[in-house]
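Here is the structure we will look at.
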Amino acid sequence: SKKHKVTIVGSGNWGTTMAKIVAENVRSHPSLFEETVQMWVYEEEVTIDPKSRHYDPKSPLCQGPQKLSELVNTLHENIKYLPNIALPDNVVGNPSLEDAVQDSSVLVFVIPHQFIGRICDRLKGKIMPYARGISCIKGVDVSDKGIRLFCEAIGHQLGIYCGALSGANIATEIAQGKYSETTVAYDPPPIDSRGPSPTESPRDSQVDLISPSKEPGRRSAKLSALPIDYPPLSHENVKKLFHRPYFHVRMVSDVAGVSLGGALKNVVALAAGFTDGLGWGDNAKAAVMRVGLLEMVKFGRCFFGETAKPETFTEESCGMADVVTSCMGGRNFRCAKMAIERGQSVYEVEQAELNGQKLQGTSTAYEVHSFLKNEGMVDEFPLFTAVYDILEGKAKPEQIPDLIEPRD
Ligand code: NAD
Ligand code: 13P
Ligand code: CA
């Protein structure tokens with residue numbers, strides 16, 4: 001019988017870490033997964049620093065800028081986005097998106113959210129029709145039509161089922177093998193648990209893919225069944241792809257709760273960075289985290305109704321735990337803090353400090369704000385609104401205590 005071929009779509013800080021985790025796991029489960037894990041690399045030229053442990057003046061790799069994909073495959077390390085972490089040699093960096101996804105039945109999407117729409121446009125028609133996706137992207141897809149989760153957006157654009165992985169997961173710690181938990185939501189329609197019978201026509205083996213968001217126009221997409229000769233992508237088998245001794249997976253069905261937790265906590269982390277940047281203490285940060293978590297739960301209830309469960313935010317890694325870790329050491333937190341300390345914009349700090357890594361909180365704050373404004377709900381989410389106003393220069397971080405005080 002067949003094995004699942006897995007492709008990681010992305011190779012940034014978290015993308016490369018996910019490739020490492022998955023590549024270790026496919027070797028632990030050789031009856032389920034093919035050994036080679038493709039990792040799509042958005043190609044760029046990178047120069048090995050003379051201070052790097054990889055520097056050797058005689059090596060051809062050190063004669064000027066080199067393609068990042070070639071450095072990944074030669075050094076078995078992503079020296080730009082995940083330096084000093086050895087990658088298993090079954091991770092293959094591939095600069096061709098179309099080639100990287102060819103014949104893959106499992107696609108793990110891990111790129112900054114601003115790029116995923118264009119990537120899906122390129123992937124349309126290039127993937128296996130019965131492929132399944134997992135989105136590790138933290139953000140929400142806002143347009144004039146409303147709001148969608150990225151796993152929904154990917155699923156609809158590509159006509160596949162796509163679940164979500166999100167948790168209190170600062171990539172570098174996990175890449176170093178330090179213990180962490182995560183939450184995986186994987187809840188495809190029942191078609192996947194049986195596979196098509198040999199007598200069924202391909203049409204019979206398609207079911208409607210139901211969207212968790214409220215938007216009626218976006219509900220209908222057809223899902224092709226996974227052929228019967230593949231191992232089923234049950235919760236048990238999906239867990240085997242991600243669970244490691246240092247990376248504990250809890251499987252749930254609440255795709256909306258998992259996705260919203262990871263997206264909205266980035267806005268909360270900016271607020272925590274602002275108060276820290278003022279030199280305020282841990283009590284201030286805790287206040288921001290408390291109000292932020294409440295707004296996250298409320299956002300789920302208001303706009304994703306029954307599908308986003310409050311318990312997902314309070315009980316799983318993708319909720320409160322991610323708020324905590326992100327407000328202590330995440331990039332959004334750190335850059336927001338430096339912005340206040342230096343009197344720069346968060347964008348200027350991102351450009352100066354992150355070496356090409358991307359913040360998700362700043363654009364999410366704008367996207368959430370534009371959605372809330374359309375819904376006439378700006379005043380119902382005072383912390384999210386305060387972060388937007390501070391980024392826009394319309395409010396000062398010193399005003400956060402008054403801005404988040406409930407009004408009667
Ligand atoms: P990153 O912040 O390291 O971003 C850099 C990546 O973006 C690089 O791979 C770069 O090649 C790519 N890129 C730049 N321009 C591009 C373009 N035009 N098209 C396509 N790709 C382009 O990325 P990351 O840390 O892997 O984050 C990806 C997602 O994972 C984000 O949504 C993030 O919130 C989420 N996430 C990150 C972490 C973390 O600790 N880094 C943890 C959990 C979740
Ligand atoms: P940052 O993008 O702010 O670093 O957050 C990483 C993360 O998602 C931790 O769970
Ligand atoms: Ca501290």
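The values are calculated or read from the model by the stated rules, or taken from the named source; none is laboratory data. Since the model is a prediction, treat every value here as computed from it, not as a measurement. So basically every Cβ, Gly included, is an ideal-geometry build from the backbone, and we count neighbours across all protein chains shown. Surface accessibility is based on the protein's heavy atoms, side chains included, excluding ligands, DNA and RNA. Shrake-Rupley method; radii C 1.70, N 1.55, O 1.52, S 1.80 Å.
With a 1.4 Å probe and every protein chain left in place, work out the accessible area per residue of the chain in Å², rounded to a whole number.
On a per-residue basis, 43 Å².
Quick one: in the stretch 1-148, what % of C-alpha pairs are over 26 Å apart?
In whole percent, the share of Cα-Cα pairs in the stretch 1-148 beyond 26 Å is 29.
Which whole-number percent gives the relative contact order of the stretch 293-359, counting Cα pairs below 8 Å spaced six or more residues apart?
Normalised by residue count, the contact order of the stretch 293-359 is 18 percent.
Give the accessible area for Ile85 in Å² (nearest 10); use a 1.4 Å probe, count only protein heavy atoms, and leave out ligands, DNA and RNA.
Number for this one is 20 Å².
Among the Cys residues of the chain, which have no other cysteine Cβ under 4.7 angstrom away?
Cys62, Cys120, Cys136, Cys302, Cys318, Cys327, Cys335
Could you pull the Rg and Dmax for the stretch 319-377, using just the Cα atoms, both in Å?
13.1, 38
Mind checking the dipole of the stretch 250-383: about its Cα centre, +1 per Lys or Arg Cβ, -1 per Asp or Glu Cβ, Debye to the nearest 20?
My answer is approximately 200 debye.
If we sort 5-12, 380-387 on the protection proxy, mean other Cβ atoms within 10 Å, highest first, what's the order?
Highest mean packing first, the order is 5-12, 380-387.
What relative contact order, as a whole-number percentage, does the chain give when Cα pairs under 8 Å and 6 or more residues apart are counted?
Relative contact order here is 15 percent.
Full extension from Thr74 to Arg122: what is 0.36 nm times the residue separation minus their Cα-Cα distance, to one decimal in nm?
So the chain would gain 14.5 nm between Thr74 and Arg122.
I need the peptides 179-189, 242-252 ranked by packing, meaning the mean over residues of other C-beta atoms within 10 angstrom, with the highest value on top.
179-189, 242-252
Can you give the log10 of the normalised intensity I(q)/I(0) at q = 0.11 Å⁻¹, computed with Debye over equal Cα scatterers of the chain?
For the requested q values the scattering log ratios are -0.81.
Give me, ordered by chain and number, the residues 5 or more places off Val252 or on other chains with an amide H under 5 Å from its own placed amide H.
It is Val184, Ala185, Tyr186, by chain and number.
Counting each pair of different Cα atoms once, what's the Kirkwood radius of the stretch 266-381 in Å, rounded to one decimal?
Kirkwood radius, the stretch 266-381: 14.8 Å.
Let me check something: with ligands and nucleic acids excluded, how do Lys373, Lys20, Lys126 order by accessible area (1.4 Å probe), largest to smallest?
The residues order as Lys373, Lys126, Lys20, largest area first.
Based on DSSP H runs of at least 4 residues, each adding -39500 (n - 2.57), what is the mean residue ellipticity at 222 nm of the chain after dividing by all its residues, to the nearest 500 deg cm²/dmol?
So the calculated ellipticity at 222 nm is -12500 deg cm²/dmol.
Helix by helix, which DSSP H runs in the chain go 20 Å or more along their axis at the Cα atoms and have an average Kyte-Doolittle hydropathy of 1.0 or more?
What comes out of the filter, once short or polar helices are dropped, is 255-277.
How do the peptides 340-349, 308-317 rank, highest first, by the average count of neighbouring beta carbon atoms within 10 Å per residue?
By packing density, highest mean first, the sequence is 308-317, 340-349.
What is the spin-label model distance, in nm, from Arg342 to Glu306 if the labels are put 7 Å beyond Cα along the C-beta direction?
Those two pseudo-labels are separated by 5.0 nm.
Taking the alpha-carbon distance from Lys285 and a cut-off under 21 Å, which lysines remain once sequence neighbours fewer than 8 residues away in the same chain are dropped?
Partners within reach: Lys265, Lys298, Lys337, Lys396.
Counting alpha carbon pairs within less than 8 Å and at least 6 residues apart, what relative contact order, in whole percent, applies to the stretch 74-199?
Relative contact order here is 18 percent.
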